[in-house]
Amino acid sequence: MPHSDLTIIQPVELLEVLKSYPFLAPYQLTFCAELEVGMPRYRSLFAVCDTISQSALCTKTCQEAVEEAVQRAVAQNRAIIFRCHAGLLNFAVPLRGGNIPFTCLIGGGMRDKDIALDQMVALALADNGDAVALREELEALPAGSEDEVAEVAGRVQELLPSLLGKNIHSLILEKTMRRLASITGVSSGIDAAGSADEVLGLLSETFGILFDIGRIAVLAPEGSNSFAMKGLWGMDPDLGTIPKAKALTILPRTKETNVVTLDEECRSLFPDTGANQATCVRFASNGELLGIMILFDANLPRRDKLLIQLITERASAKLLHLREEAKHTADNAQAAKLMSMFTTLSRAASKEELNDSILTMAADLVDASCGSLMFIDENGENLKIEAALGMNMQLAKSMAVQVGSGIAGKVAAGGHPLLVNDIEKDKRVGIPNRPRFKTKSFVSIPIKLREETIGVLNLSDKKNQGIFTEADLNLLITFADHASIMIERSLSIERADFLEQLSITDPLTGLYNRRFLKRRMEEELARSIRQNLSLTVMMIDLDNFKIYNDLCGHLTGDRALKKMARILSDAARQMDVVTRYGGEEFCIILPGTSKKESIFVAERMRREIEGEEFPHEENLPLGRLTASVGVASYPEDGATEAVLLKAADVALYRAKSEGRNRVVIANPGTEEELSSRLKSVTGTP
């Protein structure tokens with residue numbers, strides 16, 4: 001509309017001024033204008049006596065009565081009183097002068113109080129209908145006489161010339177300035193709003209009150225393919241959704257204006273509202289569509305649309321600011337959440353716990369309900385599931401996927417992430433969806449260490465049944481990059497633990513070695529001294545093992561040592577420490593155990609060895625492979641690791657010298673005595 005049209009008096013503006021007079025308040029008003037001679041056009045702003053309306057009282061006969069009255073009023077240049085087919089009283093007042101695009105004012109909807117309701121219902125039912133509904137509608141109408149309607153029509157005819165002159169422009173200007181002042185005040189409220197809902201609520205209240213609009217809704221983007229419709233003023237909060245493509249037809253980017261009025265399109269776009277007209281207001285900033293506000297059945301003049309556009313631009317800037325602020329807050333919250341996750345991952349006590357945590361956290365980040373974490377095996381040929389969500393873990397661990405085969409296998413081979421919205425339609429996949437998955441969307445992310453792919457993270461079935469987005473993919477890539485650091489750390493620790501285990505473990509028997517024995521003895525002695533506890537050490541040696549080794553060979557001898565290690569481990573208590581001291585000699589630490597208590601443990605072990613069958617043992621001097629045991633305890637036999645071991649070793653030597661296959665308890669003595677005794681029995685100078 002050109003700016004020159006702003007000087008033209010619009011029907012809705014004149015109607016608004018007329019309705020402000022109390023004597024016209026009971027009437028329903030509209031205007032008509034001739035497109036061609038004898039072809040009047042009607043513009044409806046009320047429900048009764050209008051063929052465009054959906055009132056049960058209005059029929060084609062009613063339209064003919066209105067057309068005949070308009071022609072008489074215009075021809076005679078005076079107010080005309082007429083009745084419609086239902087007997088309702090109406091008036092037609094011709095309009096002359098002023099820059100106006102219409103020729104006649106119609107006022108109606110007055111029930112004749114001198115005619116009985118039953119008679120009026122009978123008249124209205126000439127074209128059939130619901131008598132009860134008609135009676136209720138008639139009873140709701142104001143009642144008056146023909147003389148009263150004629151008096152009102154006369155007053156309107158006297159009033160119109162002054163309104164159509166400069167007076168109405170002054171009134172409209174005054175009202176516009178008042179509205180502008182209100183909008184200016186509302187703008188400060190918009191600037192201070194803390195949320196999008198607060199902005200939209202303030203706007204809808206402003207439009208509803210300032211422009212007398214009964215119903216207002218908003219279309220807001222929801223996901224990537226739809227707009228959610230929410231009632232803001234006089235409507236239900238949840239009005240469903242409409243496709244994005246359909247919403248974008250309301251205000252395409254090619255339209256320069258941010259306010260458009262829909263007439264014929266209104267019912268097809270919003271069929272459930274029952275509205276005949278919709279004024280749509282676009283919220284956009286920096287080329288980004290933020291939403292569309294819809295004012296239903298609001299026939300607004302150009303002046304009001306400009307005011308609405310003015311405040312909408314202010315609101316759009318605020319909505320964009322709130323969105324960016326919310327995104328910044330969300331990014332910060334997400335960063336904090338990721339940091340918390342990484343801290344938790346760093347505290348994982350085992351590789352299994354780390355894998356389970358990685359999968360659970362990744363699923364939580366994108367709201368997935370199913371997933372798996374797979375790693376490539378040592379041969380680099382297959383992917384094995386190490387953690388699973390939404391499936392049986394025993395079953396999952398038994399499954400393997402060949403690298404390069406299947407979805408996860410291709411991601412592992414290519415090293416590139418894969419985001420799929422529909423597994424059946426995506427040309428990169430194009431396979432039927434498996435029954436165990438609820439949705440057809442999934443995402444697979446390669447897990448890399450120093451650019452080398454070591455595994456794949458798979459996630460599916462969003463809890464809201466939606467699809468995974470690019471934002472989900474980017475978030476998971478960031479998470480996977482940091483999780484790989486934790487995986488590398490875990491592998492390093494695992495390798496370090498393995499090497500440490502190798503350094504303290506005897507490779508033949510799998511028992512702890514002499515190096516570990518020394519460290520553990522020092523720890524247990526320190527604890528025993530600190531807590532005033534007993535500590536016993538046993539030295540165990542296979543009898544005549546050199547003869548057995550020479551007789552049967554080293555391989556058989558090694559098997560005998562392994563069997564010996566198993567017997568000792570099975571016979572020992574959980575708190576005891578079993579080690580291979582060297583050759584055929586073993587040492588066992590018994591924490592918190594006195595010498596008396598240790599005798600029973602030592603005898604049990606000796607009997608277990610004696611009762612075990614060894615190949616060719618019948619050729620030994622005793623006829624079987626046996627063991628001798630020496631026992632020493634803290635505090636009576638020594639207070640250091642070296643002295644206790646010497647005491648136990650001396651006791652072991654005594655067991656050998658006294659005939660073997662027996663347990664001998666160390667005799668108490670000082671460290672010097674033990675040292676001297678040890679030298680004498682070993683021949684050390």
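General remarks:
- Of everything listed in (1) surrounded by 14 or more Cβ atoms within 10 Å (Cβ to Cβ); (2) in a helix (DSSP H, G or I); (3) under 51 Å from the mean Cα position of the chain (by Cα), the single unmet condition for residue 474 is (1).
- 1 or more residues at negative phi and small (Gly, Ala, Ser): qualifying strands (runs of 3 or more DSSP E) within the range 199-298: 215-222, 226-233, 278-285
Conditions (1) over 14 Å from residue 507 (Cα atoms); (2) among the charged types (D, E, K, R); (3) free of Cβ contacts under 8 Å to residues at least 24 places away in the same chain, marked per residue:
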| position | (1), (2), (3) |
| --- | --- |
| 550 | yes, yes, yes |
| 553 | yes, no, yes |
| 569 | yes, no, no |
| 580 | no, yes, no |
| 583 | no, no, no |
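- Some residue of the range 321-330 being within 19 Å of residue 254 (Cα to Cα) and among the hydroxyl-bearing types (Ser, Thr, Tyr): no
- Applying a threshold of 8 Å to beta carbon distances and a minimum spacing of six or more residues, or different chains, the list of pairs starting in the range 131-156 at a residue that is β-branched (Val, Ile, Thr) and ending at one that is part of a helix (DSSP H, G or I) reads 152/23; 152/24; 156/18; 156/24.
- Among the residues making up the range 379-421, those that are among the basic types (Lys, Arg) and surrounded by 15 or more Cβ atoms within 10 Å (Cβ to Cβ) are 384, 410.
- So residue 93, is it outside any loop (DSSP other than H, G, I, E, B), modelled with pLDDT of 75 or more and touching a helix residue (DSSP H, G or I) at 6+ places or on another chain (Cβ under 6 Å): yes
- Condition met for residue 46 (in contact with a helix residue (DSSP H, G or I) (Cβ under 9 Å, 6 or more places away or on another chain), aromatic (Phe, Trp, Tyr) and either at negative phi or modelled with pLDDT of 65 or more (or both)): no
- Scan the range 247-298 for residues that are more than 35 Å from the chain's Cα centre (by Cα) and within 19 Å of residue 205 (Cα to Cα) and the total you get is 2.
- Of all residues in the range 503-518, those satisfying the criterion of being of a type in the set (A, V, I, L, M, F, W, C) and over 12 Å from residue 558 (Cβ atoms) are 504, 511, 516, 517.
- Of all residues in the range 116-141, those being at pLDDT below 70 and either touching a His at 6+ places or on another chain (Cβ under 6 Å) or more than 10 Å from residue 87 (Cα to Cα) (or both) number 6.
- Restricting attention to the range 659-675, the residues that are at pLDDT 90 or above and not basic (Lys, Arg) add up to 6.
- Out of 642, 632, 647, one residue alone is at pLDDT 90 or above, crowded, with 18+ Cβ neighbours inside 10 Å and assigned to a helix (DSSP H, G or I). It is 647.
This table checks each residue for (1) outside the structural domain of residue 272 (by TED's automatic domain parsing); (2) of a type in the set (A, V, I, L, M, F, W, C); (3) over 26 Å from the mean Cα position of the chain (by Cα).
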site: 184; (1), (2), (3): yes, no, yes
site: 188; (1), (2), (3): yes, no, yes
site: 210; (1), (2), (3): no, yes, yes
site: 213; (1), (2), (3): no, yes, yes
site: 218; (1), (2), (3): no, yes, no
site: 222; (1), (2), (3): no, no, no
site: 229; (1), (2), (3): no, yes, no
site: 234; (1), (2), (3): no, no, yes
site: 237; (1), (2), (3): no, no, no
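Quick grid of which residues meet (1) among the basic types (Lys, Arg); (2) over 21 Å from residue 484 (Cβ atoms); (3) within 24 Å of the chain's Cα centre (by Cα):
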position	(1), (2), (3)
360	no, no, yes
383	no, no, no
389	no, no, yes
399	no, yes, no
406	no, yes, no
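- Identity of the residue in the range 512-570, closer than 19 Å to residue 663 by Cα and of a type in the set (Val, Ile, Thr), that ends up surrounded by the fewest Cβ atoms within 10 Å (Cβ to Cβ): 567
- In the range 436-463, residue farthest from the chain's Cα centre (by Cα) [restricted to those that are exposed (fewer than 15 other Cβ atoms within 10 Å of the Cβ) and modelled with pLDDT of 85 or more]: 452
- Residue tally, condition out of contact with any Phe, Trp or Tyr (no Cβ under 9 Å at 6 or more places or on another chain), buried (at least 20 other Cβ atoms within 10 Å of the Cβ) and assigned to a loop (DSSP other than H, G, I, E, B), over the range 583-621: 1
- Test result for residue 326, among the small types (Gly, Ala, Ser) and in a helix (DSSP H, G or I): yes
- Within the range 71-99, tally of residues that are farther than 23 Å from residue 143 by Cα, among the aliphatic types (A, V, I, L, M) and without any contact (Cβ under 8 Å) to a residue 60 or more places away in the chain: 3
- Hey, residue 354 closer than 30 Å to residue 458 by Cβ, crowded, with 21+ Cβ neighbours inside 10 Å and modelled with pLDDT of 80 or more or not: yes
- Within the range 515-540, restricting attention to residues that are over 15 Å from residue 643 (Cβ atoms) and polar (S, T, N, Q), the residue that is nearest to the chain's Cα centre (by Cα) is 531.
- Scanning the range 304-318 finds no residues that are crowded, with 16+ Cβ neighbours inside 10 Å, over 25 Å from residue 193 (Cβ atoms) and not charged (D, E, K, R).
The values are calculated or read from the model by the stated rules, or taken from the named source; none is laboratory data. For clarity, every value in this text was computed on a predicted model and none was experimentally measured. When we count neighbours, we look across all protein chains shown, and the Cβ atoms used for this are built from the backbone with ideal geometry, even at glycine.
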